[in-house]
């Protein structure tokens, strides 16, 4: 008999004379003559209550059905007299798939610290919190694809392996098949798998630009890597990035898209993950509901960088990092603007070109570029983007000014030589978005198996 | 004025007095007093025809609007007198975004070889064939997510970086931040970013198993890597894999899921990518329609491995590789079974345990495991899967028999120690599926920027 998901059973429109469910025991309570099993199968946050009368088939296995045990239940779906649930299962047969020894199973019914659960990342999705988190992560992934597909964007798989160390190899992981136990020859790279040095990508943007100038509107959504040796709650060596890129678009179109994107994602996820998100709003961060409202309810403030600096200078606050034209916004500044001054999302745009990347489009003022960052309360920067420099001469001049190696960018420059068009895009760190959604403050806790300096378990 | 996608314009229900489109010129034909531009913006295979009357605003730019030039057009959408298109645009204003010098732009209107286009992978999505291909790739990605989500599977991002070289490091890429220009010390791995050797993943399966035994039904869909130095049309160093994994499921459930998966994917993509797929059925492989019918129309044959060997032995064919119990099926055998003998998809199952991985569930016959491969005409194996060994003692015994290092598998074994349950899954190479869909025979031509031995361009 095919098993029914507990989510489906709990949403049933009617009682069912015959049903099979399977899952893991969360708790068991024994009464005189019968027992209750709370069963969870990961399909939703809620457990289903199973009533086990003495003497049914498999009743002798009940003592082994402790917290964490995997069981298969047959029975009928009947109205539940208990509160908070419409249905329960009256069992007719029990089957034990796999026990979980109560003396050694680490996930007994009590709250565990995030640090403890991180050390058993292979088991933590069995808890309410991490089950909910990874269901939300999955729905958020789908909502990203949906958002872009609904608008005619084509999904592009940007390469993970890249030959380019042009973007700052210092923070890139090198990839090799050389035998590192031997001393490497001078020409080692020539003997390597790709015949040259290979690295893990830090961004799919340049690939996306090539495709945007062919398919019009595209996005990448894939893993990216930073070999930054910083052990903070906000950095991981491996994380996922969403990067749309679209042609015949300027910085204002880019800001529109970013705002629409955040609003739609939050709205859809509130609808679809209500129970899972409520867990976080209740137990992790009571400010979540207000934070979502602030994103969804009103237009994002749009603020030129120069004005942002003026506001910060006039704030009377003593910031750790100084403010003034030419200085980058630090998290403390971003949060002041979004949390205190505007109390909602702010898009800062037209940054000084000195603090931004070579590919950003130069404004006519001769000192700023068409870059924008979306800042939200509690998180700071959630999205960073720009209009790209589509003018060949300007781009070449910028590469030269910055002392970059033009030979690294030949194919990228060709995109401007042939059929160039204004285009723009942005990047959103997917994990940072999940932190915004759940209030979880450590990036390690929104990734199935997180990778950070000296941590590569599982 | 916001640009309208050409796909949207061509599907318009009515004429529009005012419209803006933008895209790249495919051809221009000049007549006396007016010109035709065929414009493509990547939103669909079809171009829109733009009629340019002498003397409209921007008319002087027309000579620069050669093949490949990026242009922005304003005008009205009017019924087209030409055949094969309902609508065309009567231009009122032309704007040149970026020219494409006719003497040097490599994509002039003629057929180019796949080899030539591979060398300009940054430009090839501007051709009909590769535009269609990458739109299909995008829709196929979405269809994968849709299939699993509709069935309650949670998407899991399996880690790309892995500390395990247990699965055969010979074919794995090593990842490092060590300075390889210096001689490495004996304890180099200890000084590396993760404090030990790190590799790129070859499969998300083991991670998926951990999540299946918590969330019930999950799948991974991400990049995987093989450092295999083989320069064939079927191998790439970087490719994407789809790997579902589900609990309380056996090998028969696994076969059911795989069959349903292929049937739904093909059906949805035929509906959604009709024009793009027709290009491949017309110009690349005239057998595509029949191949799709063979997958969709009838149940897949299910054939125990032993019987498959009997059929091959009795075939009278002289195969390059010998047949008989204990030998693996080679592509020639797979294709004989699917193309000649059954003329449709075949699922071969219950393989000898000697030729299959340690984690596959041992059958009661003492010599086979619950593994299955889906074979389709022209491709051979498209999906490989198995029921996993959920019994701790059997799994430990198998690890010992094969001389594997049990310390590599501690967390994996724990999944069997606590709440173990029967579970199964499979893997499908996404690029191989795209080759099935399009008839394209070189894997390099279904990947945006392919990575193969000594090739790491762009």
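We did not get these values from a lab; they are worked out from the coordinates using the rules stated. Here the structure is a predicted model, which is why all the values come from computation and not from measurement. Ideal geometry is used to build each Cβ from the backbone, glycine not excepted, and the neighbour counts take in all protein chains shown.
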Simple label model, 7 Å out from Cα along Cβ direction - residue A:36 to residue A:1, nm: 2.3 nm
Mean separation of Cα contacts under 8 Å (at least 6 apart) over the residue count of chain A, i.e. the relative contact order in percent, is 13 percent
Residue separation between residue B:171 and residue B:319 times 0.36 nm, minus their alpha-carbon distance, gives in nm 50.5 nm
Honestly chain A on the Cα gyration tensor test (a ≥ b ≥ c root eigenvalues; a/c under 1.5 rounded, otherwise a/b vs b/c for prolate or oblate) is just prolate
Give the separation of the Cα centroids, region A:350-395 to region A:43-70, in Å. 58 Å
Computed over region A:6-98, the distribution of all Cα-Cα distances in 10 Å bins, rounded to whole %, is 18, 57, 24, 0
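Got a sec? How would A:145, A:112, B:321 order by Cβ neighbour count within 10 Å, fewest to most?
Result, fewest neighbours first: B:321, A:112, A:145.
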Fewest to most neighbouring Cβ within 10 Å: what's the order for A:386, A:230, A:315? A:230, A:315, A:386
Number of partner chain Cβ atoms within 10 Å, mean per residue of B:120-130: 4
Given the DSSP H assignment, sum -39500 (n - 2.57) over each helix run of at least 4 residues in chain B and divide by its residue total; what's the result at 222 nm in deg cm²/dmol, nearest 500? -8500 deg cm²/dmol
With the cut-off at 1.5 for a/c, could you classify region B:1-160 from its C-alpha gyration tensor as rounded, prolate or oblate? oblate
What gaps in nm, shortest first, separate residue A:296 from its twins in the other copies when you place the label 7 Å past Cα toward the beta carbon? 3.8
Residues B:411, B:283, A:24 in order from fewest to most other beta-carbon atoms within 10 Å are B:283, B:411, A:24
Given the convex hull of the Cα atoms of the protein assembly as shown, what is a quarter of its surface area in nm²? 42.0 nm²
List, shortest first and in nm to one decimal, how far the label point of residue A:252 (7 Å from Cα along Cα→Cβ) is from its counterparts in the other copies. 6.4
Tell me whether region A:206-327 comes out rounded, prolate or oblate; compute the Cα gyration tensor, take square roots of the eigenvalues as a ≥ b ≥ c, and use a/c under 1.5 as the rounded threshold. rounded
Other-copy label distances relative to residue A:104, 7 angstrom Cα-Cβ extension, nm: 7.0
